[in-house]
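Q: What follows is a structure written as structure tokens; I'll ask about it next.
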Amino acid sequence: MHQRPYMTTLPARYSSFVPGAGTGTDFSEIIRLVGLDAMVRLQRELLRRFIKTVDQHDSRDRCFIATIESLADLACSCACKRPKKATMRGLNGTRSRSFCRFCGKPAGLKSFADDVSQVRGNDDNLRLSTKYCTDHQPQLPSGASNLAYRRAKRSVAQFDMELGRLNRQCANRGTPQAASGDPLVDRYFHQYLLSQTVQPADKGELRNQARLMVDSKLSDRKKQMLILQWDGLNQSEIAQKLSIKRQAVSKALKSLVACPKLLLLEG
């Protein structure tokens with residue numbers, strides 16, 4: 001993997017957003033030096049900085065962003081690839097190591113693999129899960145049932161739906177692409193992601209945002225209200241637009257007071 005020929009077609013300042021490009025070091029050599037996981041984190045952070053400071057939204061920058069996303073995706077896929085035979089501090093290293101089923105945090109086993117300071121313990125059967133993070137494991141260390149797990153399991157269909165919408169919109173920010181079946185909801189996702197630098201390669205972050213939407217009880221009806229409010233409509237006008245009572249709009253918007261400003265399109 002050799003990025004210099006492509007990089008020579010770009011302004012010199014672009015090199016600072018690709019590890020090794022400024023010094024002529026191959027991408028694969030940088031990976032050997034820092035590791036795949038560190039490379040993924042580094043490349044995504046550099047991409048965010050590029051979008052914030054350089055991106056002019058022209059064809060050259062779109063191509064550059066797509067190229068860097070592809071490199072980050074490749075490194076991420078390589079990091080997730082399981083070897084035919086491996087051990088990991090006494091554990092089977094070929095077991096799946098990925099995200100929690102219900103959010104963007106690493107599953108217990110991946111967290112253990114990525115953090116050498118963690119040690120084996122009596123609760124390994126719970127802690128080193130291949131499916132759930134520590135927040136969403138079915139049982140607590142005390143043996144009690146985990147309420148967060150039960151809630152997440154009940155809402156898994158909603159989580160998957162919101163994640164799909166976020167992924168579709170994130171892949172094409174130019175126009176509403178969430179494909180929710182409702183134009184107002186699609187516009188909500190469009191506006192929601194326009195204010196962010198999250199990219200399709202940021203799978204963990206997108207999963208966390210889907211989890212946040214579900215946990216905040218941000219229904220499609222509330223999304224409709226929020227995008228209409230963003231358009232400048234007052235509560236009476238929103239109610240008229242949605243053919244509902246103004247009191248229903250007021251109650252729904254009040255229920256969102258504690259939500260993060262980003263979800264309210266105020267970020």
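The values are calculated or read from the model by the stated rules, or taken from the named source; none is laboratory data. The shown structure was predicted, so the numbers you read here are calculated from the model rather than taken from an experiment. Counting neighbours? That spans all protein chains shown, and the Cβs are built from the backbone with ideal geometry, glycine included.
Q: When you look at residue 247, is it in a helix (DSSP H, G or I) and among the polar types (S, T, N, Q), yes or no?
A: yes
Q: Among (1) within 16 Å of the chain's Cα centre (by Cα); (2) farther than 30 Å from residue 42 by Cβ, where does residue 257 come up short?
A: That leaves (1) as the condition not met.
Q: On to the next question. Hey, can you tell me all the residues within segment 209-225 that are surrounded by 17 or more Cβ atoms within 10 Å (Cβ to Cβ), within 24 Å of residue 245 (Cα to Cα) and either in the same structural domain as residue 99 (by TED's automatic domain parsing) or within 18 Å of the chain's Cα centre (by Cα) (or both)?
A: Within segment 209-225, 218 is the sole residue that qualifies.
Q: Quick one: how many residues across segment 190-208 are outside any loop (DSSP other than H, G, I, E, B) and more than 14 Å from the chain's Cα centre (by Cα)?
A: Counting residues in segment 190-208 that are outside any loop (DSSP other than H, G, I, E, B) and more than 14 Å from the chain's Cα centre (by Cα) gives 3.
Q: Okay, next question. Checking the conditions here, which among 71, 10 is assigned to a helix (DSSP H, G or I) and aliphatic (A, V, I, L, M)?
A: Only one candidate passes the filter, namely 71.
Q: Oh, and also: Just to be sure before I move on: is residue 184 outside the structural domain of residue 62 (by TED's automatic domain parsing) and either assigned to a loop (DSSP other than H, G, I, E, B) or in contact (Cβ under 8 Å) with a residue 40 or more places away in the chain (or both) in the structure I sent?
A: Yes: the conditions hold for residue 184.
Q: Here are some conditions: (1) crowded, with 16+ Cβ neighbours inside 10 Å; (2) in contact (Cβ under 8 Å) with a residue 24 or more places away in the chain; (3) more than 18 Å from residue 106 (Cα to Cα). Residue 20 meets all but one. Which one does it not meet?
A: Just one mismatch for residue 20, condition (2).
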